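Since every read-out is calculated from the coordinates, none of them should be taken as a lab result. Everything numeric here is computed off the predicted structure, so don't read it as measured data.
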Amino acid sequence: RELLHMEVKAEAWRPPWYERHVQPCVAELLGSALFIFTGVLAAVEQAGGAGRLQPALAHGLALGAAGAVLGDV
């Protein structure tokens with residue numbers, strides 16, 4: 001009879017350890033790799049009078065492309 005009067009409390013939902021720890025690290029790694037790769041390629045491919053403009057445009061275009069592709073996420 002006492003068992004019928006017990007209250008059952010539901011635990012708050014917690015995401016799995018993978019979503020809490022691994023996914024943010026992988027996202028940071030891929031994002032950093034994208035910007036480092038585009039920046040290095042833009043700096044190595046030094047065109048005749050581009051100076052600092054070419055790496056800046058490369059980073060801006062990479063950020064714009066990432067935003068366009070992943071904007072709905």
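So what's the projected area for the range 3-71, the Cα convex hull averaged over all directions, in nm²? All intermediate terms of the calculation are to be shown ahead of the outcome.
On the way: hull surface 29.3 nm².
That works out to 7.3 nm².
Between Ala66 and Trp17, what length in nm is gained on full extension when 0.36 nm per residue of separation is reduced by their alpha carbon distance? Don't jump to the answer; show the numbers that get you there.
Numbers: separation 49, 0.36 × 49 = 17.64 nm, distance 2.62 nm.
Full extension from Ala66 to Trp17 adds 15.0 nm.
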